[in-house]
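As structure tokens, the structure follows; a few thoughts come after it.
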Amino acid sequence: MTDVSVPARALLLLALALFAALIPHLSYLPVWFYALASGVLGWRLLVWRGYLSYPGKLPRVIAVVVASVAVYETSGRQMSLEAAGAFLVAASLLKVLEVAKRRDAVVIVFLVFFLQAVGFLFDQSIAAAVTGAITVYLGCAAMIAVQASGRQGLPSRLPVFRTALNMMLVALPFMLVLYVLFPRLAPLWSVALQSERAFSALQEEMAPGDIASLTQSDGLAFRATFDNGRPSRSALYWRARVLDQYDGRRWRDSGFAAIDWQVPPDAGAKYQYEVIMEPTGQQYLLSLAGAASSERAIGVSDTGLLQHQRPLMQKLRYRAHSSGVNDISGQGLKRRAMYLATPPDSNPRTVAWARSLSQGVSTNAFAQRMLEFFARESFYYTLRPDRYGENDIDAFLFGARRGFCAHYASAMAFAARAAGIPSRVVAGYQGGEWHPDGYLSVRQYDAHAWVELWDGKQWQAYDPTAAVSPLRIEFGLQRAVADEGSFLEQQPLSPLRFTGLGWVNRLRLQLESINYYWNRWVLSYDGRRQNQFLRNWLGLNDFAEGLYVIAGLIAVSFAFFSTILWWRGRDTDKSELVKSWEYVLSSAVAAGVECGAGDAPLTVLSRVSQRYPDMAQEVSDIQVMLSASLYSGQETDNKELALRLKKLGRRLLRVRPGAETPSASDIHKRTV
């Protein structure tokens, strides 16, 4: 009955389920979506109160056109995952305006489930999973309420929430079986997000202010677990990008690096570790120097960086081995001219100073002289540097001398090139926080830049920031800028600002540990790890055998739950007296006695005595006992009454319709 109106209770459940499904989308929706939601909710409230009617065809068409244009404009006029999600949200909200009949409500239920599924493309955290479970629960409750609604509304005693919970509990084993055993497919939705705020990541170019913005974010960059103990903090230089072109203001990645997709990892490498990396929208992967990986779709560039075949739109778990040095002995230096190039007439004072500093010394000696210069002079590490204009390196080295890692790395790389030493800037992360459970958490504020110089055989890493602020390398950013109070000053409520409060820090570490294991064992369960599980734990060699197991488990689960439902649906609540009466009623119908659905028991018994006079006395005795039990309030022996009813039912079953009732003597003779 699609023309049945939706009662208020079902509408409320629909609204709750829909707004729960919108929670994963709130992070990227523009402000005007909240105005749209408020308008839709207000209109529906006025319709319910009788002040407005449902919108006609023309207003609905106008609303759809306006929403489509708004989505197109706010998404930068490009198709993206965010734009598609925003359009779906807008369409779902506008559909609420015309929900009047059951058919419309069913469409909203489907939209709730689809919106929640799309929401997992943007967030797969534990909080998102809990929110998703609540959304599915409300969606199931709304679906039951919609389907149970009749012309008289929704039955007042319908156990909507209990039924929805039972549905989810029955589906849970099937979900677990499919999750563990169903073939894991590569994501089909790796579409770039349009918003620049979607990811916090190192970009292909670097100006001093770029890393400064990352240092004000407590967002997680990645977590790493080492197989052979904890390396010292001074060894934790996580390489992400090599910036080899300088235009006088910014360092850029030229993009000329060749990638080898078949570099075997060294089984005896100094560092062996596993990384769970947050999505970046970029192809780079974090690793220590001299890295390689046996993972599919991961290669190594000739600059020593790990690269993925596709941009990371979701968390990625991978293993890597690192030697700790960029050893390319025997390969020679490629693109030497590019590593020596500087803008003409740029920073002349630095050029002259660098050439005098490098006279007659090796690359390492030149680097040591620069590091001594940074340590000796009054340089200051700060997240609040001065603004430098034209010839900014001259102004920094010989003027204000205030800056953070990007300033120091840029100045040292430029000076090395001016001295005829090939150089490049490496952008990545340094350090991290060791968790009591043994893994390392690296956050956006650990973003760092340092320098690599070519010594004639290989690239050597130097960190001028370590010469200016050893605290930054040994203890992290928070200790390094404690005096100026600039640590996460744009996030005053971040729990990382309160690590000195014991209970706050313990709670934070517990939550991070839960999130870490969720990422490691749930979100990172991909095809390779599924193969390992099937082979090591179940002894299955391919997916075909796994599909047979899935079919068998589903069949067993179906039989098990069917048995439970049958057992729970038995007539366990009926008394013996009721069962005996139902037996008499069915026997009377079989014997040809007319029995209507609404006939009273005494009426049915009177028809039995009229149809079969030989049973009149027995029926009369039963009527007296039944009247006393049902109407007089006198205490009667219901057990005796039930036995007499069963005996009457058995006599009726011996009678053929239309035949006379056999007497007691006849029955005795037949029995003998």
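FYI, it's all coordinate maths here, none of it is from the lab. Just so it is clear, the structure is predicted and the values come from calculations on it, not from any experiment. In this analysis, Cβ positions are derived from the backbone assuming ideal geometry, glycine residues included, and neighbour counts consider all displayed protein chains.
Brief remarks follow.
- Selection from P183, Q610, V425 lying farthest towards where the dipole of the chain points positive, charges on Cβ: Q610
- Euclidean distance between Cα centres, region 85-109 to region 291-364, Å: 53
- For the chain, the longest principal axis of the alpha carbon atoms and the long axis of helix 616-627 meet at an angle near 50°.
- Computed from backbone phi with θ = phi - 60° and the Karplus coefficients 6.51, -1.76 and 1.60, the 3J(HN,Hα) list for region 498-515 is 10, 5, x, 8, x, 5, 5, 5, 5, 4, 4, 5, 5, 5, 5, 5, 4, 5 Hz; x is used for glycine and proline.
- Shape category assigned to region 206-493 from the gyration tensor of Cα positions, a/c cut at 1.5: oblate
- Here's the list of lysines a cross-link from K101 could span, going by alpha-carbon distance under 21 Å and ignoring same-chain residues fewer than 8 apart: K57.
- Interchain or long-range residues, amide H under 5 Å from R424's placed H: E452
- Furthest towards positive pole of dipole, G281, T465, C140, structure part the chain, Cβ charges: C140
- Positive-end ranking of W32, A415, G539 along the dipole of the chain, with charges on Cβ about the Cα centre, is headed by G539.
- Couplings 3J(HN,Hα) of region 476-488, computed from phi: x, 5, 4, 5, 5, 10, 4, 5, 8, x, 9, 5, 6 Hz, in residue order, whole Hz [Karplus 6.51 cos²θ - 1.76 cosθ + 1.60, θ = phi - 60°; x for Gly and Pro].
- Cβ charges +1 (Lys, Arg) and -1 (Asp, Glu), total dipole of the chain, debye: 1300
- Put in order of Cβ neighbour count within 10 Å, fewest first, the listed residues T280, T74 become T74, T280.
- Nearest-ten-degree value, helix 8-21 long axis tilted from longest Cα axis of the chain: 20
- Once the mean of 1/r is taken over each pair of separate Cα atoms and inverted, region 1-77 shows a Kirkwood hydrodynamic radius of 14.6 Å.
- Degrees between helix 160-181 axis and first principal axis of the chain (Cα, 0 to 90, nearest 10): 50
- Charge tally in the Cβ shell below 15 Å around S232, where Lys, Arg are +1 and Asp, Glu are -1, S232 excluded: +1
- Most to least packed among 284-292, 239-247, 45-53, 600-608 [average Cβ atoms within 10 Å]: 284-292, 239-247, 600-608, 45-53
- Anchor K457: lysines whose Cα lies under 20 Å away (excluding residues fewer than 8 positions away in-chain): K334
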